[in-house]
Amino acid sequence: MKRENRAAAVAPPASERPPRAGPPRAALGAVGLVAVVAIVATAWLWGSGSLGPEPAAIQVGAPGDVRSGAIVVTPPRLDVGDVFMNVAEVPMRFEVTNTGERVAVITYIETSCDCTKATIVFEGREGPRFAMSHSTPPGTYDWRAVLAPGETVELLVYYDPQAHGVFTPEEAPAIHGPITRFVRLYSDDPSDPFVDLRIDLNQRH
Ligand SMILES: [Cu+2]
């Protein structure tokens, strides 16, 4: 009884009802019931969406929740091989992708040494060049990069082999041979607030 009353209340308008003459009554009844169920279900979903909090499925989640904005750097590690001391600057190119289903905001970049600087090309422009946190601490630049889900931007890293001075291996052995540097990207990704990329090179005189 209850179901019949409800169906009557949300029946489609007369113009959408099937004509009286035509398929048997049983068939019409089935079609009508399907339509009513669909309308009621739609109304219920709408109602719950506007009245309650966001459905759990699209809330920013716990660590590891891939539905949040997620920053991925490609490649995560780059070996540029021999770098000679007489080269002014070695540019390296990476891609930064938001693999999440939400917007991700890159808020800050930090490198492990001032010989290494990093910037993101965002909206066609190279951003500020970040270095170590003591050289370009948070707040140095009024800058951030907002990446839509699936968006990829370019990350440029510059290594300056002369940054520590130009010395022979005998004069300064520490700045020769295998060298490793890191670049750290900070974002609002709740499951992974920063991501590191690694650069290896062989410093030669
Ligand atoms: Cu350095």
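Report, in whole Å, the centroid distance computed from the Cα atoms of segment 79-96 and segment 158-196.
11 Å
Around residue 107, what is the net charge, scoring Lys/Arg as +1 and Asp/Glu as -1 over all other residues with Cβ under 14 Å from its Cβ?
Neighbourhood net charge equals -3.
At q = 0.09, 0.17 Å⁻¹, work out log10 I(q)/I(0) for segment 71-204 with the Debye formula, treating every Cα as an identical point scatterer and leaving solvent out; two decimals please.
-0.27, -0.87
Give, as a single signed number, the net charge of other residues whose beta carbon lies under 10 Å from the beta carbon of residue 71, with Lys and Arg counted +1 and Asp and Glu -1.
Summing Lys/Arg as +1 and Asp/Glu as -1 gives -3.
Taking the Cβ of residue 121 as the centre, find all other residues whose Cβ is under 13 Å away and add up their charges (Lys, Arg: +1; Asp, Glu: -1).
That sum, taken over residues with Cβ under 13 Å, equals -2.
Here, each number is a calculation from the coordinates, and none is a lab measurement. These numbers come from a predicted model, not from an experiment. Note that each Cβ is placed from the backbone with ideal geometry, even for glycine, and that neighbours are counted across all protein chains shown.
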